[in-house]
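> Below is a structure I'd like to ask you about.
The values are calculated or read from the model by the stated rules, or taken from the named source; none is laboratory data. Note that the structure is a prediction, hence the values are computed from the model and not measured. As a convention, Cβ positions derive from the backbone with ideal geometry for all residues, glycine included, and neighbour counts pool all protein chains shown.
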Amino acid sequence: MEISVVIPTFNNREVLRRTIETLLEQTFPEAYEIVVADDGSTDGTAEMVEAIRGPVPVRFVRQANLGRSAVRNLGARAARGRVLLFIDSDVWATPTLLAEHYKHYARSDRRIGVMGVCLTHPDALVSPYMKARQVQADLTRRHHDDLNPLHVTTRNVSMLRADLEAIGGFDERFGGYGWEDMDAAMRLHAQGVRFEYEPEARGYHYHVETLETFREKMRQAGIGAVYFWQKYGRPANLGIFFEIAPVFLPLKWLVYQTPLVTPLIRWLLPWAEAKERVLILAECYNHLIWRSYYDGVFATLRQIRAGARADAGRRSEERLPSG
């Protein structure tokens, strides 16, 4: 078994069905399997997956709803392939996606990972919000031969199973949305794994989201960003990447946590939606999304400070003389 395609999922039955179908239509000639790792779905995902018959094995494993890191670890433990290819349950693969990943592993025995590409599926652009999200171009500069670990996401990425096992899998303390993939990539990089960027390993992301559902994800991402930063000792580069370094926070507080800007954005948004002014909408949505992110950041920092004060108080009491 050369490749195990691991698909983490939660309550996404019909979109997942198409994801599996695209993976059964691969041109890849080597042995591979599909492992659907379910994070406690209640929408009939299990019955749908178990009814699928195809040219390659499709296996189903499930757990209680424990989160993104835990369900990826579940899928990895169940996998039998030498290479693990993680793909999200709302990413529809092009027919050559597996082959484009595998060519990197077939030509050498280097310790590598491979990052593919995800493009928004045109059929997902059904609302002003979804259309406005496409306005802001992705200007990230990606090195093809040594990709920055902070540019690695599990939406479409592969790695050697032995390497993931060696670092103990994904950190399950990332309880909400975001960053568990970059954290794993950083730990893999520290152990000598180098990620390569493969733009021909393409998938199409089909997820019709709303502003409010994405804002909740970003609030969780703000919480996770603080944990990530603390986990590595609050280094400057991560503080800058997550935009939570102390030098940034006064300005972020002013823009996103006070009434200085947000009331204007909320006043402008209905007009822009009615007129379908996509450029203005993009800026309005972007502000509200970042406001949610900093809701998570500042709430977490307050909890940390409160915990530190409580610890200091306990230590002070322990030093007081008895009697």
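> If we scan the stretch 52-68, do we find a residue that is surrounded by 21 or more Cβ atoms within 10 Å (Cβ to Cβ), at pLDDT 95 or above and outside any strand (DSSP E or B)?
Looking through the stretch 52-68, none of the residues is surrounded by 21 or more Cβ atoms within 10 Å (Cβ to Cβ), at pLDDT 95 or above and outside any strand (DSSP E or B).
> Still on this model: Report whether or not Leu264 is part of a helix (DSSP H, G or I) and either of a type outside the set (Ser, Thr, Tyr) or under 23 Å from Tyr177 (Cβ atoms) (or both).
Judged against the criteria, Leu264 is a match.
> Would you check which residues across the stretch 15-48 are free of Cβ contacts under 8 Å to residues at least 60 places away in the same chain, more than 17 Å from Ala99 (Cα to Cα) and over 19 Å from the mean Cα position of the chain (by Cα) and list them?
Scanning the stretch 15-48 gives Arg17, Thr42, Asp43, Gly44, Thr45, Ala46, Glu47, Met48.
> Can you go through Gly175, Gly116, Gly169 and tell me which one is at positive phi, touching a residue at least 12 places away in the same chain (Cβ under 8 Å) and not assigned by TED's automatic domain parsing to the domain that holds Leu279?
On the way: Gly175 fails: at positive phi; Gly116 fails: at positive phi.
Exactly one of Gly175, Gly116, Gly169 is at positive phi, touching a residue at least 12 places away in the same chain (Cβ under 8 Å) and not assigned by TED's automatic domain parsing to the domain that holds Leu279, namely Gly169.
> Got a number for residues in the stretch 141-171 being of a type in the set (D, E, K, R) and either in a helix (DSSP H, G or I) or at pLDDT 95 or above (or both)?
Keep residues of the stretch 141-171 that are of a type in the set (D, E, K, R), which gives 141-142, 145-146, 155, 161, 163, 165, 171.
From the residues that got through so far, the ones that are either in a helix (DSSP H, G or I) or at pLDDT 95 or above (or both) too are 161, 163, 165, 171.
Going through the stretch 141-171 one residue at a time, the tally reaches 4.
> Still on this model: In a helix (DSSP H, G or I), among the aliphatic types (A, V, I, L, M), under 23 Å from the mean Cα position of the chain (by Cα) and not assigned by TED's automatic domain parsing to the domain that holds Met182, is that true of Leu301?
Criteria met by Leu301.
> Here is a follow-up. Take Tyr206 and tell me if it is of a type in the set (Ser, Thr, Tyr), closer than 25 Å to Gly67 by Cα and touching a His at 6+ places or on another chain (Cβ under 9 Å).
In short, yes.
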